[in-house]
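Input: a single structure, listed below in structure tokens.
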């Protein structure tokens, strides 16, 4: 019973976070879940929960997203996901986490000091950001940082930014869940835990979405940078 309550609490918090910001489900859930279960099990459970959250959010934000604009990101991600899944099965993710953390914290610092500024960037860079996201998604179910950076640099308002992030995550999470199923990472225990937590995941998304309506685009951008900073510190110093 204690582990079920723990899973419910973690997935509720993760779904509230993504409901409010459009990201963060895996980055909240995976580190905490991995304290109570194997990393593979935590990644698979987080992927299923993230898929539900993204379906809910894309329905709410469908008028703000254009899937064609996400084409390059999606192509890059589809290429990267299988390689990342292979890494999850055969390699230690610790070094990858440290490298990712260093890249993310450098981006945050460069943005805070205005060395990197928001602007419309070349869409061909979407292939690179998408590949990096797919690689991390398949390996760690942590495909968010490259995508957050990509859309942050484009300087969208909070609705278009959240909708674009969600549109990408929806497609990517479908491929990640499928990849986990085909490689045997998703188990019957994963499905059981997911079914128990589902009502609380839906409640968290609803409450988080309500909170999103109360923040400005400026605050939203600051939340993104702050969240990325916290994630980078975790990846570099606390993850094992």
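Mean-square fluctuations from a GNM of the chain, with a 10 angstrom spring cutoff on Cα atoms, peak among 14, 42, 211 at 211. Classify the range 125-189 as rounded, prolate or oblate from the Cα gyration tensor: take a ≥ b ≥ c as the square roots of its eigenvalues, call it rounded if a/c is under 1.5, otherwise prolate when a/b beats b/c and oblate if not. Cα axes put the range 125-189 in the prolate bin.
Based on Cα contacts under 8 Å between residues 6+ apart, the chain shows a relative contact order of 37 percent. On full extension, the segment bounded by residue 207 and residue 79 gains 42.6 nm, given 0.36 nm per residue less the C-alpha separation.
The range 28-57 and the range 118-165 have Cα centres separated by 20 Å.
Treat the count of other C-beta atoms within 10 Å as a stand-in for reagent exposure and order 78, 231, 65, 53 from fewest to most. The partial results should precede the final answer.
Numbers: 78 16, 231 25, 65 21, 53 31.
Starting with the residue having the fewest Cβ neighbours, the order is 78, 65, 231, 53.
In angstrom, the C-alpha Rg and Dmax of the range 2-238 are 16.3, 49.
Counting each DSSP H run of 4 or more residues in the chain as -39500 (n - 2.57), what helix-only mean residue ellipticity at 222 nm follows after dividing by all residues, to the nearest 500 deg cm²/dmol?
Numbers: 10 runs with 185 residues, N = 240.
Value at 222 nm, helices only: -26000 deg cm²/dmol.
Exposure proxy for 192, 162: other Cβ atoms within 10 Å of each Cβ, ordered fewest to most, give 192, 162.
Rounded, prolate or oblate, given the Cα gyration tensor of the range 1-102, with a/c below 1.5 counting as rounded? Display every interim value, and only then the final one.
Working: a/c = 2.15, a/b = 1.14, b/c = 1.89.
In terms of gyration-tensor shape, oblate.
Counting only Cα atoms, the range 100-233 measures 48, 33, 28 Å along its principal axes, largest extent leading.
Each of residue 5 and residue 124 was given a label point 7 Å from its Cα along the Cα-to-Cβ line. The distance between the two points is 5.7 nm.
We did not get these values from a lab; they are worked out from the coordinates using the rules stated. Please read these numbers as outputs of a predicted model, since none were measured by experiment. We place every Cβ from the backbone using ideal geometry, glycine too, and count neighbours over all the protein chains shown.
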